[in-house]
1. So how do 324-336, 306-318 stack up, highest first, on mean other-Cβ count within 10 Å?
2. Apply the Karplus parameterisation 6.51 cos²θ - 1.76 cosθ + 1.60, with θ equal to phi minus 60°, to every residue of the stretch 168-176 and state each ³J(HN,Hα) to the nearest whole Hz, in sequence, with x for glycine and proline.
3. With label points built 7 Å along Cα→Cβ from the Cα atoms of E479 and Y359, find their separation and express it in nm.
4. Can you list the residues, at least 5 places off or on another chain, whose amide H is less than 5 Å from the amide H of G246, using H built in the peptide plane?
5. Over 21 Å between Cα atoms: which of K292/K420; K120/K146; K292/K478; K120/K167; K120/K179; K51/K288 fall into that group?
6. How many angstrom lie between the C-alpha centres of the stretch 356-423 and the stretch 196-212?
7. With θ set to phi - 60°, apply the Karplus curve 6.51 cos²θ - 1.76 cosθ + 1.60 along the stretch 276-289 and write out the HN-Hα couplings as whole Hz, x wherever there is a Gly or Pro.
8. With +1 assigned to the C-beta of every Lys and Arg and -1 to the C-beta of every Asp and Glu, and no other charges, what is the dipole magnitude of the stretch 398-502 about the Cα centre in debye, to the nearest 20?
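No value in this document is a laboratory result; all are computed from the given coordinates. Everything numeric here is computed off the predicted structure, so don't read it as measured data. Ideal geometry is used to build each Cβ from the backbone, glycine not excepted, and the neighbour counts take in all protein chains shown.
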Amino acid sequence: MKKIASFIKFLFLISVVSIGIFFSKSVFCSDKNEVKNNSQHKDYNLSPVIKKILPSVVRVITDFSNFYHGYCYDSSYQHKTDILSSSCTRFSKYNDHILKNLMSIKKVNPTIITNAQSSKLGSGIIIDSEKSYVITNYHVISHASKIVVSLTDGKEYEAKIIGKNRKFDLALLQLINAKDLPSIKISSSDNLNVGDPVFAIGSPYNLKNSVTLGIISYLERIVNSRSIFDNFIQTDAAINHGNSGGPLFNIKGELIGINTSMISSSVESGNIGLGFSIPSNSVIRFVKNILKYGKINFGRLGISVSTLSKSSIDELKLPLKKSAVVVNFVNKNSAAEISGIKVGDIIVSADNKDIEDSYSLRRILINYSADDTLALKIFRDDSYYDISLELKSYNPDSVYSGSLHYKLQGAVVSTYNREKLLKDIENKKIEKFYLPDVEGVRINRLLEKSFIKRAGLLKNDIIVEANMKPVKDIKTLKEALSTNENIIVLKIIRYNKLLFKII
C-alpha cells in the first residue's frame, strides 16, 4: 500500500509541474506576441504622418539690398572732420557730403557705389489654406525687399508681410495668388511634457524636407535672462541653419512650436543637441493680435511692482509661503486702478500661477492682449482677495526711433506735447524757439555717433511730415514711414524754421 501511495504522489507532482510549464509557456508566448505587436504599433511609425504634413512645410527665401560706399580710412591721421573710429568701414550712399569731406584730406580710398545683393534662407509652415497664411521667424524676413515661398512640390509664390514682431521673432506672411494650399492642425503647447517625442521639418543648409527626431528636453526655457519674451521649448531634435521659422511637431503631426534658434560652439557649427522653439500658444496669440490690431497689442495692468523676498516676508511676519511682488505705484485710469488695486497690495498669483518676482509677472502679462481678462490673487490687510480685471492697451509716451524705421536708428522720440513741455520752461524766449503750436513727433535725445545724427537731425527737432504725409503722433509717423523702405523724406521744424531732410 505504501508503494502505491508513493506512486500516486509521484504522478500528482508530475502533473502539477507539467501544467505549470504549459501555462508558463503560454504566458511567455502571449507576452512575446504582445511585445511584438507593440513594437509594430502605428503610433511609432512616423512615415504616414510625415507624408501627410510635409506639403504644408515651406522654404522662405528673402532678398535684400545693401547700398554703400566702400572705403578705408587711415585712423592715424587726426582731423576735425574725422568721424570714424575704425580703420575700415562702410557708409550710406545718402551721406555723399561726408564722404567728400573725408576725401578732401586725401586719406580715403573710395570704391564705386555698390548694390550688394544678399539673400537669406529659412523655413515656414502654412497655417491657413484658404487665406494662404504662412508663419516664419522675423529674423528670416527682416529688411527683405522680396520674399519668395517655395512649396514641397516646387511651386513658388511671392509673399507679402501681414505682420511681424522682432521681440517675439515671428512674422505672418500671405502668399500672393496661391490657392488650394495644405495646412496643419495646431495643438496647445500647454499639453506638453518633458520627454514627449517631437520632430522638426525644415531646410537646414538648403537641404529641403529634412526631418529630425528627438524629445522635449525642457519647457519654458529662458535663454536670455534679460528678455521677458523667452519661453522656449527646448528639444534635442537637430535644428541647424535654415531650420529657422520651420515647424516642430508632436508625434501626431500637430504643430506645437516654431523653431527659432540653436546653441553651438561657433557661428559655423551645427546643432549640438540644444534647439529652441516658440510655443504654439505664443504663435496663436501673435496671429490673433496681428489680424485684429495689425500689431502685438499687449495688455497692461498699469502698475509698478518690486519683489518681496521670502526673508522680507519672514521679517514682516506675513503669512505667505513664498516670495511675491508688492505694488509700488498705480497709474491713473489704468486697469489696476479701475479694478481696485492699491499701493501696498501684494500680488501672490496671476493666471493661477505663483508670482515670485516682478520678472515672472511680466512673463505672464506678455501672453495677454488688450481687452483680455486676467485673474489675480492679492494679499491685503491679512486677507486674500480674488480680482478679475480687463487689461488695457499700451500707448507709449516715447519709443526708440529705430523701431519705426531702420534708417532712424539712434534716437528716442515722442508725440509732441506743447502743453506738457510748457510746464518745464520758464524762459519765454526758449518757448518761442522750441515750442511751436503744431502737431508732430519730437526728438527727445539721440546718440552722438548714431545714424539719425549723421543724417542731420538734432535734438528738439519736430517731425511734422514724413513721405509727404502729415504726422500727428508716433502712430501716424510709423504709418507714413512704412510707405517707403529705402528712402525717407521728412519735413521738420527747427527753431521755428521749416526744413526738409532726405535720408
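1. The packing order, highest mean first, is 324-336, 306-318.
2. Values per residue, Gly and Pro as x: 7, 6, 10, 9, 10, 10, 10, 6, 8 Hz.
3. Placing both labels 7 Å along Cα→Cβ, they lie 3.9 nm apart.
4. S123, N259
5. Violating the 21 Å Cα-Cα cut-off are K292/K420; K120/K179; K51/K288.
6. 38 Å
7. Values, residue by residue: 10, 10, 7, x, 4, 5, 5, 5, 4, 5, 4, 4, 4, 5 Hz.
8. Numbers: 21 positive and 12 negative charges, 59 e Å.
Roughly 280 debye, rounded to the nearest 20.
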